[in-house]
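For reference, the structure is listed below as structure tokens.
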Amino acid sequence: MERDVIVLYIIAGVSFSFALFNCILFAIKHGKTTKTNGTIVSIKSTNPTNEKWRNAKLAEISYRVNDRNIISRNRIQVPLASKVGTPITIRYDRNQPERIYSYSVKRIITGFLIGIGSVLIAVFMQIH
């Protein structure tokens with residue numbers, strides 16, 4: 001097998017695993033979480049240098065639940081363009097409102113699409 005085909009199958013495996021993990025988390029937590037709007041209050045960068053590539057931002061979010069201001073205990077990944085004060089829609093645990101989750105249907109679908117696309121390209125490359 002060519003290296004390119006192997007890499008495509010690895011990408012497919014990782015993508016399917018990511019999508020499946022998010023799907024399982026979504027199924028387990030479905031009905032136990034609620035969406036709300038929050039505001040980014042603190043941002044950490046995984047790679048604090050000025051490098052944009054291979055970088056991600058992890059944000060701490062402030063939001064209101066039952067007339068209480070809450071700041072999340074955990075951080076979630078946000079787009080690189082996000083800044084302190086940026087509004088964001090989040091999903092929090094009804095029993096532990098300080099805990100927020102970053103899974104979504106979009107992530108699940110995107111993971112499966114990337115996996116399917118990688119497999120199709122690898123199969124096409126093997127045929128030709």
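The values are calculated or read from the model by the stated rules, or taken from the named source; none is laboratory data. Model, not experiment: these values are computed from the prediction. As a convention, Cβ positions derive from the backbone with ideal geometry for all residues, glycine included, and neighbour counts pool all protein chains shown. Note: areas computed on protein heavy atoms with side chains; ligands, DNA, RNA excluded. Shrake-Rupley method; radii C 1.70, N 1.55, O 1.52, S 1.80 Å.
Would you be able to tell me the number of residues in the range 54-88 that are hydroxyl-bearing (Ser, Thr, Tyr) and at pLDDT below 90? Within the range 54-88, residues that are hydroxyl-bearing (Ser, Thr, Tyr) and at pLDDT below 90 number 1. Note on the range 116-128: residues that are surrounded by fewer than 17 Cβ atoms within 10 Å (Cβ to Cβ), in a helix (DSSP H, G or I) and not aliphatic (A, V, I, L, M) total 3. Within the range 69-122, the residues that satisfy the criterion of being farther than 30 Å from Gly13 by Cα and touching an Asp or Glu at 6+ places or on another chain (Cβ under 9 Å) are Ile70, Ile71, Ser72, Arg73. The set of residues in the range 100-115 that are out of contact with any helix residue (DSSP H, G or I) (no Cβ under 8 Å at 6 or more places or on another chain) and surrounded by 14 or more Cβ atoms within 10 Å (Cβ to Cβ) comprises Ile100, Ser102. Could you give every pair whose Cβ atoms fall below 9 Å, whose first residue belongs to the range 93-116 and is over 19 Å from Glu60 (Cα atoms), and whose second residue is open to solvent by 80 Å² or more (accessible area, probe 1.4 Å) and among the β-branched types (Val, Ile, Thr), counting only separations of at least 6 or pairs across chains? Hits for this filter: Gly111/Val14; Ile114/Val14; Gly115/Val14. Scanning the range 78-98 for residues that are among the aliphatic types (A, V, I, L, M) and either part of a strand (DSSP E or B) or open to solvent by 90 Å² or more (accessible area, probe 1.4 Å) (or both) yields Val78, Val84, Ile88, Ile90.
So which residues in the range 81-128 are farther than 30 Å from Gly31 by Cβ and among the polar types (S, T, N, Q)? If the condition is that a residue be farther than 30 Å from Gly31 by Cβ and among the polar types (S, T, N, Q), then Ser118, Gln126 are the ones that fit.
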